[in-house]
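Take a look at the structure set out below.
The values are calculated or read from the model by the stated rules, or taken from the named source; none is laboratory data. These numbers come from a predicted model, not from an experiment. Here Cβ is always computed from backbone atoms with ideal geometry, including for glycine, and neighbour counts include all displayed protein chains.
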Protein chains: 2
Amino acid sequence: MHDIRFAVLGTGGIGRRTLEYATVKDGLTPVAACDRHGVAIDHEGLDVSELLAATASQTTDDGSSTAGTTSVTHSREGSGVAASSQAERTETPIDDIIAAADRIDAVVIAVPNLEHDFIPRIADRFAAAGYKGVLVDVLKRSRVIGMLEDRRDMFVDTGITFICGAGATPGLLTGAAALAAQSFVDIEAVDIWWGVGLKSGYEDNRGTVREDIAHLDGYDLETARQLSDEEIARVIDDHDGRLEFTDMEHADDVLLERAGICDAEDVTVGGILDVRSDEKPTTTTVSVTGTTFDGERGTNTFQLDDATSMEANVNGPALGYLKAGVRRNRNGEYGVFGPAALLPEF
Amino acid sequence: MHDIRFAVLGTGGIGRRTLEYATVKDGLTPVAACDRHGVAIDHEGLDVSELLAATASQTTDDGSSTAGTTSVTHSREGSGVAASSQAERTETPIDDIIAAADRIDAVVIAVPNLEHDFIPRIADRFAAAGYKGVLVDVLKRSRVIGMLEDRRDMFVDTGITFICGAGATPGLLTGAAALAAQSFVDIEAVDIWWGVGLKSGYEDNRGTVREDIAHLDGYDLETARQLSDEEIARVIDDHDGRLEFTDMEHADDVLLERAGICDAEDVTVGGILDVRSDEKPTTTTVSVTGTTFDGERGTNTFQLDDATSMEANVNGPALGYLKAGVRRNRNGEYGVFGPAALLPEF
């Protein structure tokens with residue numbers, strides 16, 4: 001495949017790691033990045049090291065300076081991407097990237113999706129501008145998939161291949177569930193259980209933590225969105241830094257159903273997030289239980305080593321699914337595709 | 001996707017199970033099957049139950065009659081497919097299917113490949129006849145992949161999408177290894193370890209057992225091919241029914257390398273075959289060890305439940321990969337594709 005030129009919308013934890021990860025993957029050239037107030041575009045390829053250094057704060061929670069603990073300045077000091085020598089300050093970052101998009105093969109949408117339709121509305125803007133290419137997101141929530149599916153005809157007419165839910169879960173683990181299901185003709189249950197240790201990565205992933213809190217008893221997306229940083233800290237304190245989630249609304253369910261693997265209601269997602277340790281509080285495991293064509297019942301499992309970080313498990317798959325999306329796009333396959341649909345159509 | 005009409009060459013264990021499995025998968029219609037002396041073609045769809053019943057012997061090794069233990073008659077009594085009311089006796093079964101292939105989307109090549117180039121030469125015959133469609137095999141040996149790759153231009157010119165190594169291993173487990181590798185930027189080792197309990201399935205899978213014996217110390221493909229049934233029984237006796245294999249020549253290695261996952265030499269395949277028990281002698285496990293982009297070393301694992309049979313793990317994936325191949329073929333993608341290459345191009 002020819003080299004892929006891609007853009008990243010958002011330079012929070014996922015956006016930054018996507019840029020970093022691309023420097024160690026073959027065939028991927030990041031050519032654009034933006035946050036709310038700045039945009040950097042270089043069709044020859046961004047200098048990722050400079051961009052990451054310029055957008056990183058050297059200030060940690062306790063005021064000390066460490067190399068391993070970085071946070072994104074745009075949410076703190078209003079500089080962000082604009083602090084890079086490759087960037088310009090702008091009030092219209094996404095429009096700026098859309099204006100350059102005829103030379104961009106794929107766009108990773110790594111913005112928080114606290115409003116359900118935020119990512120779908122970004123897609124609308126790319127479609128309105130006639131963008132032909134790939135859009136990738138790492139969204140989590142089931143109901144957004146339907147909003148994207150409603151836009152299928154628009155994507156097809158425009159020439160957009162939208163790859164949704166392409167992170168760890170949904171994403172890597174959805175794909176693993178789809179593969180594990182191949183021993184069976186009838187699937188009884190898909191159980192996805194994740195562990196994340198997010199001490200040093202906490203600052204970079206505040207948006208993700210906020211989204212997760214919406215899944216706790218007593219919270220929803222609206223209340224989580226309105227929490228102040230202090231209130232979030234209090235929620236975390238109340239749980240001794242360890243948040244356990246059950247029956248999360250995670251898009252693995254609808255994505256597996258759409259791929260013909262099982263019914264959405266047979267999929268359960270839960271896990272434990274520990275923001276005070278980098279050790280995982282539990283081992284990330286996908287269990288698929290079903291019946292074989294010869295009538296045996298069994299459970300296949302897929303486990304991630306506790307040493308693999310959330311960032312490693314989100315960004316590797318995201319870029320892999322991006323490449324799969326570009327392949328589809330270049331073959332004229334447009335519409336909405338989930339991670340399991342990009343596997344062989346079992 | 002439109003309904004897929006497919007043919008099966010060979011009605012040994014894998015061919016028979018492919019036909020049976022297709023009756024419980026959506027969108028697949030078996031329209032042709034053959035063995036050495038017979039061919040059945042019905043473009044409206046074969047009656048699989050009749051065909052399987054007609055080709056199954058009711059005689060087991062001890063002469064008793066049981067429903068669960070069937071063997072293929074063609075190797076015993078010379079009737080085989082020709083015993084079916086849907087079939088005709090023929091001396092040119094493959095040519096007969098080639099002659100009807102303009103209405104066949106995909107062909108599963110489920111013949112023993114004791115001569116390295118047997119399957120490649122079958123592909124030559126389909127290409128020579130101008131077949132446009134999908135060929136699928138479940139071959140195991142690494143060196144055959146190169147022979148197929150040598151024919152790539154021929155496949156492309158003809159319009160053939162050749163899906164190779166699409167069973168359990170290579171196949172399902174190759175795909176699992178490719179997914180498990182996504183946490184890492186550098187892969188150190190892929191270890192595939194399988195367990196097969198083949199007591200009641202032994203008669204149906206003599207060809208597979210013979211191929212496996214070629215991997216034992218002191219044997220190679222040539223000597224294994226020349227063993228009489230009695231000599232094979234003696235080899236099995238000498239090992240108390242339990243054959244353990246290490247460092248097998250299994251195509252997972254070259255298929256993972258071709259998909260860009262790791263070097264072929266980093267892949268090891270081994271396992272235990274127990275022909276005197278239906279219980280698996282060891283749990284089938286894929287272990288992928290590597291280093292993440294953030295410098296951590298770990299091992300991700302994929303395990304199949306001991307209750308899932310070899311047949312379930314070969315034939316489900318084979319038909320899934322077949323569907324993926326038809327999708328590619330209809331999109332004009334021709335050439336040679338392994339199971340990991342059909343995953344997102346990580």
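Some notes on this structure:
- Each residue in region A:264-302 was checked for being assigned to a loop (DSSP other than H, G, I, E, B) and touching a residue at least 12 places away in the same chain (Cβ under 8 Å), and 12 of them qualify.
- Residue list for region B:220-258, restricted to those being surrounded by 14 or more Cβ atoms within 10 Å (Cβ to Cβ), assigned to a helix (DSSP H, G or I) and of a type in the set (Gly, Ala, Ser): B:ALA224
- Condition broken by A:ILE272, with the remaining ones in (1) closer than 30 Å to B:VAL196 by Cα; (2) touching a Pro at 6+ places or on another chain (Cβ under 6 Å); (3) not acidic (Asp, Glu) satisfied: (1)
- Tally, over region A:122-143, of residues that are part of a helix (DSSP H, G or I) and buried (at least 22 other Cβ atoms within 10 Å of the Cβ): 2
- Selection over region A:306-319 of residues that are free of Cβ contacts under 8 Å to residues at least 40 places away in the same chain and buried (at least 24 other Cβ atoms within 10 Å of the Cβ) gives a count of 2.
- Filtering A:GLY165, A:GLY197, A:GLY207 for residues that are closer than 21 Å to A:ALA341 by Cβ and not β-branched (Val, Ile, Thr) leaves a single hit, A:GLY165.
- Residues that are at the interface with chain B (Cβ under 9 Å from one of its Cβ atoms) and crowded, with 24+ Cβ neighbours inside 10 Å within region A:325-346 comprise A:GLY325, A:VAL326, A:PRO339, A:LEU342, A:LEU343, A:PRO344, listed in sequence order.
- Some residue of region A:175-188 being more than 13 Å from chain B (Cβ to nearest Cβ), crowded, with 24+ Cβ neighbours inside 10 Å and not in a helix (DSSP H, G or I): no
- Hits in region B:109-121 - residues which are outside any helix (DSSP H, G or I), out of contact with any Ser or Thr (no Cβ under 9 Å at 6 or more places or on another chain) and surrounded by fewer than 19 Cβ atoms within 10 Å (Cβ to Cβ): B:LEU114, B:GLU115, B:HIS116, B:ASP117
- A residue that is within 10 Å of chain B (Cβ to nearest Cβ), under 21 Å from B:ASP26 (Cβ atoms) and more than 21 Å from the chain's Cα centre (by Cα) cannot be found anywhere in region A:262-285.
- Any hit, region B:218-240, residues being within 20 Å of the chain's Cα centre (by Cα), among the small types (Gly, Ala, Ser) and at pLDDT below 95: yes
- Scope region B:1-48; condition assigned to a helix (DSSP H, G or I), of a type outside the set (Asp, Glu) and within 14 Å of chain A (Cβ to nearest Cβ); matching residues: B:GLY13, B:ILE14, B:ARG16, B:ARG17, B:THR18, B:LEU19, B:TYR21, B:ALA22, B:VAL48
- Unique match (being in contact with a Pro (Cβ under 8 Å, 6 or more places away or on another chain), within 14 Å of another protein chain (Cβ to nearest Cβ) and in a helix (DSSP H, G or I)) among B:GLY320, B:GLY316: B:GLY320
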